[in-house]
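Before any comments, here is the structure.
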């Protein structure tokens, strides 16, 4: 049976979802009648609850229990209500202040994720593309012992990665400094693979006094590209905060979430969907397609640099997460992070 959600059905469904998010307990008709301004008798409310259950928007765990929302019931609520939420002044201030106070050596992306975890009591997931596919800010080479070289890659997204590079070249400190200086003008805003291709093109088409330097640079960059096979990085922060929630008195549920966090490939697929979309994305229960746990929601948003999405971040919690608070909060955090990556004060762009 499909129920058309007229105003009465919608109000009672949203009352059940709101109450369940607040308490985590099945919601009965008397509870709704007492706490929500719905001008219906408990008997009439029970009839509406039965309609909503027939429509698979609510579920009754036990015959004598109240109702809890299904994934579809949460989805109906989120689609209608989540964008109506507002960020609290305390959360807004905490995010802006923390990102304004970042030290130069601190990772803006990771710090944003950690703060989101603390503010929401959930775990945070963060995705960055592989460094070789990210726009670079710097690439420098430092001589090590044993014929090895350290390649230091700094991306425009704020990530820093060190790679050990081995080539047949035996370049001293001064030669490596010349290579790093030569690459400086080529690297900014380019991916590592693009720099490699540009150097190969220059070697094939240009001649002159810099040909040896170009050849050295090309070999060092080639060795850096081929030094490791990469996938996009997925970081998870704040699992401990998540497991302090009352839902996790059940050891089996903790085990399911821990298994879900191990499925980084599937988490990455969710975050890649976020990268391809605009705005905040919400995946509820079965929509997240994580086999070991159904009581899970992911709220995520992409963050940008120079107008292009360069990664995504989100929070992971149970399905009864407070969507009205946290959907706008995740979007706001992503916009503040984009401000920082673009060199602006957080909160000064139109999007934030």
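Descriptive notes on the structure:
- Sorted by Cβ density within 10 Å, fewest first, the residues 107, 71: 107, 71
- For the chain, fraction of C-alpha pairs farther apart than 32 Å, in %: 45 percent
- Cα→Cβ-extended label distance, 7 Å offset, between residue 351 and residue 277, nm: 1.6 nm
- Cα-based Kirkwood hydrodynamic radius, segment 132-226, one decimal, Å: 13.2 Å
- A Förster distance of 22 Å, applied to the separation of the beta-carbon atoms of residue 181 and residue 205, puts the FRET efficiency at 0.55.
- Spacing of the two label points (7 Å from each Cα toward its C-beta) at residue 56 and residue 263, in nm: 1.9 nm
- Modelled FRET efficiency - R0 30 Å, residue 93 with residue 247, Cβ distances, 0.05 increments: 0.55
- Principal-axis tilt of helix 192-205 within the chain, Cα atoms, nearest 10 degrees: 30 degrees
- Helix axis angle, 173-187 relative to the chain longest principal axis, alpha carbon, degrees: 50 degrees
- Kirkwood-based shape ratio for segment 7-83, expressed as Rg/Rh from alpha carbons: 0.92
- Calculated FRET value between residue 166 and residue 197, using beta carbons and R₀ = 25 Å, to 0.05: 0.70
- Over the chain, Cα pairs under 8 Å with separation of 6+ residues give a relative contact order of 19 percent.
- Cα pair distances of segment 155-280 binned at 5 Å [whole percent]: 2, 8, 13, 15, 14, 10, 8, 8, 8, 6, 4, 3, 1, 0, 0
- With both labels modelled 7 Å from their Cα along Cα-to-Cβ, the residue 255 to residue 342 distance reads 4.8 nm.
Coordinate-derived values only; no laboratory data. Since the structure is predicted, the reported quantities are computational estimates derived from the model, not experimental observations. Counting neighbours? That spans all protein chains shown, and the Cβs are built from the backbone with ideal geometry, glycine included.
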